[in-house]
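See below for the structure under consideration.
FYI, it's all coordinate maths here, none of it is from the lab. Quantities reported herein were computed from a predicted structural model and do not represent experimental measurements. Here the Cβ positions follow ideal geometry from the backbone for every residue, glycine too, while neighbour counts run over all protein chains shown.
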Amino acid sequence: MTYYTLPKLLSFHEFLSQHANDPRDELIDGELRDMEPTGPHESTAGKLAGRLFSEILRLNLPWTIPKNCLIRPPDTEVTALRPDVIVLDEANLAEEPLWEKQTILTSAKAIRLVAEVVSTNWQDDYARKVEDYAILGITEYWIVDFRGLGGISFIGKPKQPTFTICQLVGAEY
């Protein structure tokens, strides 16, 4: 007889103490997810961040793009999202209770934009994070599917690279 042991689910605090400094890990519903970014994935995220930062400088906006941060959706003790690119309004960071000691955001007040570069776990970017970011109230969410990995219902057929801009209207994108 074969027994299957369910993986131990982590709380947000357990995740922080064990994995907060690993930029490859996210916590979704208590399950540790290794994002396993590839070179092309990281290159795409870096180019996007660079172009966004150039515009921030050109427009002289009080915004920043942190190298790494976590987003903790409200009303959950078992999720910590790590966006590929995030643009923050520096003026509103003072309202984030954890920001001074840890790069953790708990609301959308300082978040101007989140961008996710799609990888093999495309379901998270097209479905799960769309819901979480909308619940948080993040006004703009970009999905950068540079390899056309998303499901046909999201990117059409034939599959091809897709850039999706989601803007919050009411409580959903």
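Most exposed first by the Cβ proxy, i.e. fewest other Cβ within 10 Å, how do ILE143, ILE155 rank? Please report the intermediate quantities before stating the final value.
Working: ILE143 23, ILE155 20.
Fewest to most other Cβ atoms nearby, the residues stand as ILE155, ILE143.
Considering only DSSP beta bridges with both partners in the chain, what is the antiparallel share in %, to the nearest 5?
75 percent
Restrict the search to the stretch 1-110; then list the trypsin sites (Lys or Arg not before Pro) that DSSP places in a loop and that have at most 12 other Cβ atoms within 10 Å of their Cβ.
On the way: sites: LYS8, ARG24, ARG33, LYS47, ARG51, ARG58, LYS67, LYS101, LYS109; in loops: LYS8, ARG24, LYS67, LYS101, LYS109.
Qualifying residues, ordered by number: LYS8, ARG24, LYS67, LYS101.
Treating cross-link reach as a plain straight distance, find the aspartates and glutamates whose alpha-carbon is under 19 Å from the alpha-carbon of LYS159, omitting any fewer than eight places away in the same chain.
Within the straight-line cut-off, LYS159 pairs with GLU116, ASP124, ASP125, ASP145.
Grab the beta carbon distance between GLN102 and LYS157, set R0 = 30 Å, and tell me the FRET efficiency rounded to 0.05. Mind showing how you got there, number by number?
Details: r = 43 Å, r/R0 = 1.43.
Given R0 = 30 Å and the Cβ-Cβ separation, E is 0.10.
Along each of the three principal axes of the Cα atoms of the chain, give the extent in whole Å, ordering the values from largest to smallest.
65, 45, 35
Rounded to the nearest 500 deg cm²/dmol, what is the calculated helix-only ellipticity per residue at 222 nm for the chain, with -39500 (n - 2.57) per DSSP H run of length n ≥ 4? Intermediate results must be reported in sequence, preceding the final value.
Details: 4 runs with 40 residues, N = 173.
Helix-only estimate at 222 nm: -7000 deg cm²/dmol.
Would you mind checking the pairs LYS109/LYS129; LYS47/LYS109; LYS67/LYS109; LYS67/LYS101 and listing those with alpha carbons more than 21 angstrom apart? Present the calculation step by step, with values, prior to reporting the outcome.
Details: LYS109/LYS129 18 Å; LYS47/LYS109 25 Å; LYS67/LYS109 19 Å; LYS67/LYS101 15 Å.
Table pairs above 21 Å Cα-Cα are LYS47/LYS109.
Which of the GluC sites (Glu not before Pro) across the stretch 71-166 are loop residues per DSSP, with 15 or fewer other Cβ within 10 Å? Let's see the in-between values first.
Working: sites: GLU77, GLU90, GLU95, GLU100, GLU116, GLU131, GLU140; in loops: GLU77, GLU100.
Answer in residue order: GLU77, GLU100.
How far is it, in nm, from the label point at GLU172 to the one at GLU42 when both lie 7 Å from their Cα along the line to the Cβ?
3.7 nm
Normalised by the number of residues in the chain, what is the relative contact order in percent for Cα pairs under 8 Å and 6+ residues apart? Kindly include the intermediate steps, with their values, before the conclusion.
Working: 289 pairs, mean separation 27.7, N = 173.
This gives 16 percent for the chain.
Determine which residues of the stretch 120-140 fall in the zone a paramagnetic label at ILE165 would reach in this model, i.e. backbone nitrogen under 14 Å from the point 7 Å along Cα→Cβ.
What the label zone holds, given the 14 Å backbone N cut-off, is 139-140.
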